[in-house]
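These notes concern the structure reproduced below.
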Amino acid sequence: MGTYIFSISLILAIFIVFDVKDKVQTFSTENIPAREIAVDYYLMFIPVYGNMFSPLFTFISIIFFTSKMAHRTEFVAILSAGAGFNRILKPYLIGAFIIGFSSLLLSHFVIPKAQKIKIGFEDKWINKGYSTDDKNIHKIIAPNTVLYMESYDNRINTARKMSIEKFANNKQTYLLKADEMKWDTINKEWILTNVFEKTITQQNRLDTLKKDQKPIHKEKHTYYATKKIKIDFSPSDMWRYESKFETMNTPELINYIARETQKGSNQIEFFEVELHRRTSFPFATFLLTIIGLAISSRKVRGGVGLQIAFGMLLSCLYIMLMYIFTTIATTGFSSSVLLAVWTPNLIFCLVAFYFYRNAQQ
């Protein structure tokens, strides 16, 4: 645990130094308050990146610490005294549980709050206010209901050339068009300008028509200078994807996924990946702990350096698999997001079992 805390503190200190070097000109020219830099950015920086590299540095710490014990032939003495590999593994798993459970709590509850503050600071001072460049935006805001916006300015929460269409049996039943749609932050509703509203009534069962009877098709057109509406769409729906799922804690993320599923949104996979990743990533701490101990508890020629190099190779392989299967999940190639996110862990379960069976007994 001491090696883990020291190593991850060291790498975070290095990251902060390089980040300060890259942003020192922005910090000085924008006259950003020192408290905001220290608290809103770098204090939030620590849990986000610390948790990101936690499994990797758990693995490196185990290999570094255990290799030194093996180099001094301590494991030969322990095994000769009658303690088996399972008994040696026990304190390592206790340490892995402490780190993994802490990482789990951070991922589900603490880091979303930290990300919200950190991203807010970046958008305010570094990104000069996030601005979306999307054009011709379509959003499913309810079943069979589509919102269209020609453009959207997130800085003033205003959409240009918008329309809302409702459908039934692949036929349009309602149309609302406006030149501008602006968010009312007090009443939490949209204010439309130069509005055209069309309601369509039509007969679906043509087989019920009598002889020489025409099907019912009526349209009601209404014009308004301004009109207020409440729909299941708010400015937060136009945030960047990372700003949405990274800043929501797990209960909020689950509720958001449920709402988007009801709407028929086609971006559900991004949020489901984040939800499952928050559990699967800390679980890797246990797998890497078993692998690290099994590799480094045996005294080998080449010393600690060779074992650390092999450990780094396995860590990089795990991270590569994680990103590959995450991409597969978000692009729709996998039928199950849960399976795609957990596949790297399932693969490394087999790797861990192999090293465990072949560990020095």
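The values are calculated or read from the model by the stated rules, or taken from the named source; none is laboratory data. Because the structure is a prediction, the values reported are computed rather than measured. Every residue, glycine as well, gets a Cβ built from its backbone with ideal geometry; the counts of neighbours run over all protein chains shown.
List of remarks:
- Selection of helices (runs of 4 or more DSSP H) fully inside the stretch 1-94 by the criterion of at least 3 residues being closer than 28 Å to residue 118 by Cβ and of a type outside the set (Phe, Trp, Tyr) returns 2-29, 43-52, 54-71.
- Scan of the stretch 44-54 for residues that are under 15 Å from residue 19 (Cα atoms) and either aromatic (Phe, Trp, Tyr) or touching a residue at least 60 places away in the same chain (Cβ under 8 Å) (or both), ordered by number: 44, 45, 48, 49
- In the stretch 139-155, the qualifying residues are those that are assigned to a strand (DSSP E or B) and out of contact with any strand residue (DSSP E or B) (no Cβ under 7 Å at 6 or more places or on another chain), and the one that is nearest to residue 175 (Cα to Cα) is 142.
- Of the residues 277, 259, the single one that is surrounded by fewer than 16 Cβ atoms within 10 Å (Cβ to Cβ) and not aromatic (Phe, Trp, Tyr) is 259.
- Counting the residues of the stretch 147-165 that are in contact (Cβ under 8 Å) with a residue 24 or more places away in the chain and not aromatic (Phe, Trp, Tyr) gives 9.
- The residues of the stretch 61-86 that are touching a residue at least 12 places away in the same chain (Cβ under 8 Å) and at positive phi amount to a single one, 73.
- Filter result (touching a strand residue (DSSP E or B) at 6+ places or on another chain (Cβ under 6 Å), farther than 25 Å from residue 45 by Cα and assigned to a helix (DSSP H, G or I)) within the stretch 232-275: 235, 263
- Criterion (in contact with a Phe, Trp or Tyr (Cβ under 8 Å, 6 or more places away or on another chain) and either under 30 Å from residue 235 (Cβ atoms) or not assigned by TED's automatic domain parsing to the domain that holds residue 305 (or both)) met by exactly one of 57, 121: 121
- Test: residue in the stretch 284-292 that is without any contact (Cβ under 8 Å) to a residue 60 or more places away in the chain and not assigned by TED's automatic domain parsing to the domain that holds residue 139: no
- Considering only residues in the stretch 85-126 that are of a type in the set (Gly, Ala, Ser) and over 13 Å from residue 289 (Cβ atoms), the one that is surrounded by the most Cβ atoms within 10 Å (Cβ to Cβ) turns out to be 107.
- Cβ-Cβ under 8 Å pairs, at least 6 apart or on other chains, the stretch 223-239 side closer than 16 Å to residue 140 by Cβ and modelled with pLDDT of 90 or more, far side assigned to a helix (DSSP H, G or I) and small (Gly, Ala, Ser): none
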